[in-house]
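Each remark here refers to the structure printed beneath this line.
Taken together, the values in this text are just the output of simple stated rules run on the coordinates, not laboratory data. What you see is a predicted model, and the numbers here were worked out from it, not measured in a lab. Positions of Cβ are backbone-derived with ideal geometry, glycine not excepted, and every protein chain shown enters the neighbour counts.
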Amino acid sequence: MTTVFTIAKKEYQVAMRLVSTYIVFILFLVVIGVFFSNMVFKIGQAELRFLFEMIHIIFLFYIPAITMGSIAKERQSGTLELLSTLPIKLSSIIWGKILAALYQIITIIFLSLTFFVIIVIFGEGIDYGAIICGYIGLIMVGFAYASIGVFASSFPSNQILAFVLALLISAAFYVLKFVLPLLPFRVLPVVQYLSFDYHLSSFLKGVIDTRDILFFLGVTVIFALLAQFNLQSRNLMQER
Amino acid sequence: MIKIENLSRNFGNIKAVDDISFCIQDREILGFLGPNGAGKTTTLRMIVGYLQPTSGNIEIDGESIFANPIKASSQIGYLPEHNPLYDEMTVIELLAYFASLRKLKRDYFKERLDYVVKNCGLKEVLYQKIGTLSKGYRQRTGLAQAILHNPRILIMDEPTSGLDPNQIIEIRELIRELGKEKMVLLSSHIMQEVQALCDRIVIINKGKIIVDDTKDNLPNYLKKSRLLTLEVQGDNVDFSDFLAMYPFLEMEVFLQTETICKMGFYETSEIDLRKELASFIRQKGWLILELSTSKLSLESIFHELTEGEYSSAKTEVASPEQEEQNAHITSIDEEEQQ
């Protein structure tokens, strides 16, 4: 377990040294800020729900971008060879990478607290419960996307393909909410259950349901296991 | 002791490593030689636990590395080919990172850090980013990483590549020092290095082991292992009668004038023809100006063994000596298993 945190800490520290990380942070704040100012100053609504949905869409691109290199880059530079000959479990490497992405996601969510502070200062009748739940929901959904991103990165290919694959899988979970009206009644509950948006929406309403938490954790674990399987398949790596 | 038994690894239809077996003893530096693409790196990767073998077994002290891979890898220090490192980290960060992944105690890490910094000469670059290091320092950092946890087994894939001559001497000295108490497996295609460092040599070619023996015994594997240089003075110097007596002998004329002839005979180490040659020359009434023998270097042995000359020699009508050698080579695997 300490190994997971050691890897995550190192990955996060290295990422926070890159200029590109800060450029992305600034871009993120600008984009969110534009939507936020529209909503708050034109419509005059003191809530962050719309903002959270925006952040969810941005996550579809942001998280594949931060996870695309997680394993693919190590494979390319050869450091994966070094890492996988250390006395650590393969699963530790994968969870370390997922956790490192989660740290970054939490950082970017922390930055978006700026807007929360503005609302607290200028707004009236704010539903604090819903906002806090919304943040928790975003972290949960981010965790699941991070796992998908690391899984996509575990294929023996380059980083760009890892990004595209992660984007496709993440988007597939996201767009389910748009296909719901087109589906026959029978399969509706199943598809709805798989939709990330469906589970996130109850967080945004201010409801923390254990089932939603379990859903996101379940998706995270499944993709983490798939990533591990991916590394071991084709006899690429020895099992440990 | 590391024991490798019938190890094979295929990549699709290509047999990168084909049923090889050998051992590494305690306190031994084993040279693993072979041309590029012979299967050296693949073998090393299987030993360190990165690559899954298609078949075969690897044991450390009688325990299969597949039974307890974590334990096995905690005993191994590995310097991979091309020495991949995290370029964004500083040297000290990297060492600390590996130490914590290897779960070294803080005090022990400090002690080992002092040791590797001193022995690998990393003092000046300790706080420098690895991406900005020169190749020599980068290689030393890789070596420092490999010996940081004081492993019993040290596996190095071309450890001195990219170093300048002074650094090579330093690193060799360090490897030699380490070899006194550890098992060291050193892959290389630099002959002098292997010659300077290793006690025993395994030569691999096209996925198969062709030689596994001590350095001093290597010349025995060749048809031509010694060169007999001869300079004679006389009229009509002609050795065709002599060559007819010893048909396996090869002669090369280096210089021929009217009265002086300088030539070389390639012979195996089992037979010494100096006496016969001298009496032949006396019979003819010529004068010996020079007669000397020299062993072929490891380099030429390597060249000959891996370039297929040896295998073509096998198909010739072989002298008894050669047959003996062939039998010796094929029996290496069996010997190792005993």
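Just checking, does segment B:265-282 include any residue being free of Cβ contacts under 8 Å to residues at least 24 places away in the same chain and not charged (D, E, K, R)?
Within segment B:265-282, one or more residues are free of Cβ contacts under 8 Å to residues at least 24 places away in the same chain and not charged (D, E, K, R).
May I ask you to say which residue of B:A67, B:A72, B:A99, B:A146 is within 13 Å of chain A (Cβ to nearest Cβ), at negative phi, in a loop (DSSP other than H, G, I, E, B) and small (G, A, S)? Working first, answer last.
On the way: B:A72 fails: in a loop (DSSP other than H, G, I, E, B); B:A99 fails: in a loop (DSSP other than H, G, I, E, B); B:A146 fails: in a loop (DSSP other than H, G, I, E, B).
After ruling out the rest, the residue left standing is B:A67.
Which of the residues spanning segment B:83-102 are touching a residue at least 24 places away in the same chain (Cβ under 8 Å) and over 13 Å from B:I130 (Cβ atoms)?
B:A99, B:R102
Here's the yes/no breakdown for (1) surrounded by fewer than 19 Cβ atoms within 10 Å (Cβ to Cβ); (2) in contact with a strand residue (DSSP E or B) (Cβ under 9 Å, 6 or more places away or on another chain); (3) small (G, A, S):
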site	(1), (2), (3)
A:I126	yes, no, no
A:F163	no, no, no
A:F185	yes, no, no
A:K205	yes, no, no
A:S233	yes, no, yes
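Could you tell me how many of the residues in segment B:76-90 are more than 7 Å from chain A (Cβ to nearest Cβ), under 23 Å from the mean Cα position of the chain (by Cα) and part of a loop (DSSP other than H, G, I, E, B)?
Residues in segment B:76-90 being more than 7 Å from chain A (Cβ to nearest Cβ), under 23 Å from the mean Cα position of the chain (by Cα) and part of a loop (DSSP other than H, G, I, E, B): 2 in total.
Would you kindly identify the helices (runs of 4 or more DSSP H) lying entirely within segment A:55-153 that contain at least 1 residues that are within 14 Å of another protein chain (Cβ to nearest Cβ)?
On the way: elements: A:69-77, A:79-83, A:90-111, A:113-122, A:128-153.
Filter on segment A:55-153 gives A:69-77, A:79-83, A:90-111.
Could you please find all residues in segment B:19-55 being surrounded by fewer than 21 Cβ atoms within 10 Å (Cβ to Cβ) and away from every other protein chain (no Cβ under 13 Å)?
B:D19, B:S21, B:C23, B:Q25, B:D26, B:R27, B:E28, B:P35, B:N36, B:G37
For the list (1) closer than 22 Å to A:F143 by Cα; (2) free of Cβ contacts under 8 Å to residues at least 12 places away in the same chain, I need the number of the one condition that A:G44 fails.
The number of the failed condition is (1).
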